[in-house]
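Data first, discussion second: the structure below is written as structure tokens.
We did not get these values from a lab; they are worked out from the coordinates using the rules stated. This is a predicted model, so every value here is computed, not measured. Reconstructed Cβ throughout: ideal geometry from the backbone, glycine too, with neighbour counts over all protein chains shown.
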Amino acid sequence: MAALVLWRLFPGEIASDLSQFHHRRIADWHTGDMSSFELLELCEYMPETGAFKPALARYNPIHEWLTEPPPALAAVYQTANELAVLRASQVPQASSEELGSILFITPSQLRKRIEEREELLEARDDIYAWADRTPQADEE
């Protein structure tokens, strides 16, 4: 998967550097003569003077996607979410699997929801611990 993402982002740079520095052709990867692991390994050890490494340094949204998607992709996610909610309100008895709708949640939103859930569970446990006044606990 990672090899495919890199290839889609930097096809010319990878093809050029593979040929120039490793004397390999990208066609080897396309035909299966080179594994994706080998392609990633060759890309990792491309020299900084080639075309791939400087392009990767200039374009590094992959790391940012771990927290937030780019604005254009966020707009697509928002539109899809709005449509899924609208569809669910029109057909309340149908499940999302039947409709083929899913909600897109960014990693940062997911982390926030997990933190809120953990805080809620801690608060609930505190209340239950306070309310659990057994006679043995009062005697000690």
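Brief remarks follow.
Conditions (1) more than 17 Å from Val5 (Cα to Cα); (2) among the aliphatic types (A, V, I, L, M), marked per residue:
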{"site": "Leu39", "(1), (2)": "no, yes"}
{"site": "Thr49", "(1), (2)": "yes, no"}
{"site": "Lys53", "(1), (2)": "no, no"}
{"site": "Ala57", "(1), (2)": "no, yes"}
{"site": "Asn81", "(1), (2)": "yes, no"}
{"site": "Arg87", "(1), (2)": "yes, no"}
{"site": "Ile127", "(1), (2)": "yes, yes"}
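Residues are listed down the side, and each one gets a yes or a no for (1) outside any loop (DSSP other than H, G, I, E, B); (2) without any contact (Cβ under 8 Å) to a residue 24 or more places away in the chain:
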site	(1), (2)
Val5	yes, no
Ile14	yes, no
Leu18	yes, no
His30	yes, yes
Met34	no, yes
Leu39	yes, no
Glu48	no, yes
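- Selected residue (criterion: surrounded by the fewest Cβ atoms within 10 Å (Cβ to Cβ)) from residues of the range 100-123 that are of a type outside the set (S, T, N, Q) and under 25 Å from Ser89 (Cα atoms): Gly100
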